[in-house]
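The values are calculated or read from the model by the stated rules, or taken from the named source; none is laboratory data. Note that the structure is a prediction, hence the values are computed from the model and not measured. Cβ placement follows ideal geometry from the backbone for every residue including glycine, while neighbour counts extend to all protein chains displayed. For the accessible areas, the whole protein counts, side chains as well, though only heavy atoms, and no ligand, DNA or RNA atoms are used. Shrake-Rupley method; radii C 1.70, N 1.55, O 1.52, S 1.80 Å.
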Amino acid sequence: MRFNNWRLETIDKILPEEFFELISKNKSHIEKTFPVTVSNCLDIEKTINFINNNIQKQENKENYYYYIKNNETNNLIGYVCVKNIKLDILKCELAYFIDAAFEGQGIISKAVSQTIDFGFEELKMNKIFICTSKVNKASQQIALKHNFIQEGILREEFKNHEGVLEDIVYFGLLKSDYQNEK
């Protein structure tokens, strides 16, 4: 998927070194909301293992990974993941982040839109959900912009980078609502 200055790439098209660079550059920006990713990308060897494990998960159709690349520099500038896929109830979760230098440009919003299409059209999900930190207002705005409904607060649902359990805001989008918006 190509847009003006960026494109979405699949996991087989990226190098662990470039993902390591993206994570290293944005560690303080994402460590509170992506602690597992950050802890698995502390050095290049760990990042290689992380990417290889994720390739296996994608091959097994457990998760799907998309990477946002800048067309001008060919650098990775973001990440969108489809995870927690529940085939018995046709539900999955989206997680995403954008390089701090590219925030506010609508890039992650368009990438999320494409991933929502993938979830409903290709994976045939009935529901897609997004969980955000209570303080991550930008991520909440992305969910609301795409017509997700805030369904509640899940108490002490997420372990942050300091090992502390914190509340998350749960947003859901049903396929029937998505189709009505198209």
Every pair of residues 6+ apart whose Cβ atoms lie under 8 Å, when the first sits in region 153-166 and is closer than 15 Å to Ser39 by Cβ while the second is open to solvent by 100 Å² or more (accessible area, probe 1.4 Å): Asn160/Lys32; His161/Lys32
Pair list, Cβ under 8 Å, 6 or more apart: region 20-43 residue small (Gly, Ala, Ser), other residue in a loop (DSSP other than H, G, I, E, B): Ser24/Cys41; Ser39/His161
Number of the exception - Thr10 against (1) under 17 Å from Ile77 (Cβ atoms); (2) open to solvent by 70 Å² or more (accessible area, probe 1.4 Å); (3) of a type in the set (S, T, N, Q): (2)
Cβ pairs under 7 Å, 6+ apart, first in region 64-75 and in contact (Cβ under 8 Å) with a residue 60 or more places away in the chain, second surrounded by fewer than 21 Cβ atoms within 10 Å (Cβ to Cβ) and assigned to a strand (DSSP E or B): Ile68/Leu8; Lys69/Arg7; Lys69/Glu9; Asn71/Arg7
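Can you pull out the helices (runs of 4 or more DSSP H) entirely within region 79-181 that have at least 3 residues that are open to solvent by 50 Å² or more (accessible area, probe 1.4 Å) and of a type outside the set (Ser, Thr, Tyr)?
Here the list reads 137-145, 175-181.
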Per-region count, region 17-57, residues touching a helix residue (DSSP H, G or I) at 6+ places or on another chain (Cβ under 7 Å), open to solvent by less than 40 Å² (accessible area, probe 1.4 Å) and not in a loop (DSSP other than H, G, I, E, B): 8
